[in-house]
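Peer 1: Below is the structure I would like to discuss, written out as structure tokens.
The values are calculated or read from the model by the stated rules, or taken from the named source; none is laboratory data. None of the values given here were measured: they were computed from a predicted structure. All Cβ positions, even for glycine, are placed from backbone atoms using ideal geometry, and neighbour counts span all protein chains on display.
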Ligand code: GLY
């Protein structure tokens, strides 16, 4: 058995236990090795339904499907109530719940729900500055003209909506956001800003900054990973070569800075001491992103061997040194993620998205699934 398969089997066993542990609740981030639970009110809740759908896809077992269906049903109420959607993370939420159900079960109601979610995300488009507003309400002083790199992972929901409806509007918004992100969030040396501000009235570029990184000019490792994966996905939908090149440049930057054990610290510019926090979730996201990128790079591209080696090193590092596979009772799949070191929020614990992307990468390595970002 490959190490990937043995890690997958462990993930399935843990998820089965977690279905009983979590009941109707959704895991978010860990605190002292226990997941904090909520009632489907966080930006992270799709990762739990995504894990359940992946486990069902791998095993075909009813226990995962029933739990996945039941978690996905809860996203219907969330959209109707609308209250827990006042941010851009609708793509994270609905790609891995309703869209996953549509992909796996061809359930018409799940498809309709996913399209409603895309419509809701479109309401965050601000024509004057020409951006999808990440956080806050329209006109908000701090956030009204602000983009963040994480948003690239919300764009596949819009590309997909154009693909299935034939209406180009969703795709145009997604591509405009990807273009703006490429131009302003990715720096000339292939590093990235976490966020960028624009004047809400004129659209004029103001400045780059950070929210969760070490400082405004630093490179938050998870942001860089969102860029690697997000641009590769924008390429998949549009075939715009500039997205593929940007994903590649960002991936090289990421891999060139792997520490000795191949799992990144939380920010590439944070001073390294024995106490510096890791962010295992950033390594898991980047692994998925590079595997996606490799699907599109031509066979004779000179970067392939470097990228393949980088993914294997990252995933081996996660499985061997950061996974909980030798602790069957652990709730999380990988340890030592960081939500926000800067704000002291779960700086060294489980992150449900870290677990999701770790599982997606294992599934990709075993050729069992590529997740639910595209159909
Ligand atoms: N998208 C929020 C985060 O990565 O923390």
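Peer 1: Among the residues of the range 10-33, write down those that are closer than 24 Å to residue 89 by Cα and not in a helix (DSSP H, G or I).
Peer 2: 23, 24, 25, 26, 27, 28, 29, 30, 31
Peer 1: When you go through 64, 94 one by one, which is the residue that is part of a helix (DSSP H, G or I) and away from the ligand (no atom under 16 Å from the Cβ)? Write out each step before concluding.
Peer 2: On the way: 94 fails: away from the ligand (no atom under 16 Å from the Cβ).
Every option except 64 fails the conditions.
Here's the yes/no breakdown for (1) surrounded by fewer than 22 Cβ atoms within 10 Å (Cβ to Cβ); (2) away from the ligand (no atom under 15 Å from the Cβ); (3) part of a helix (DSSP H, G or I); (4) at pLDDT 95 or above:
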position: 290; (1), (2), (3), (4): no, yes, yes, yes
position: 299; (1), (2), (3), (4): yes, yes, no, yes
position: 313; (1), (2), (3), (4): yes, yes, yes, yes
position: 318; (1), (2), (3), (4): no, yes, yes, yes
position: 325; (1), (2), (3), (4): yes, yes, no, yes
position: 354; (1), (2), (3), (4): no, no, yes, yes
position: 360; (1), (2), (3), (4): no, yes, yes, yes
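Peer 1: Still on this structure, please answer the following. Within the range 123-161, how many residues turn out to be away from the ligand (no atom under 16 Å from the Cβ), more than 25 Å from residue 289 (Cβ to Cβ) and not in a strand (DSSP E or B)?
Peer 2: 13
Peer 1: Given the conditions (1) over 19 Å from the mean Cα position of the chain (by Cα); (2) closer than 14 Å to residue 33 by Cα, which single one is not true for residue 301?
Peer 2: Result: residue 301 fails condition (2) only.
Peer 1: Which numbered condition trips up residue 241, out of (1) under 18 Å from residue 190 (Cβ atoms); (2) touching a residue at least 24 places away in the same chain (Cβ under 8 Å)?
Peer 2: Condition not satisfied by residue 241: (2).
Peer 1: While we're on this one: State the number of residues belonging to the range 172-228 that are over 26 Å from residue 162 (Cβ atoms) and assigned to a loop (DSSP other than H, G, I, E, B).
Peer 2: Adding up the residues that qualify gives 22.
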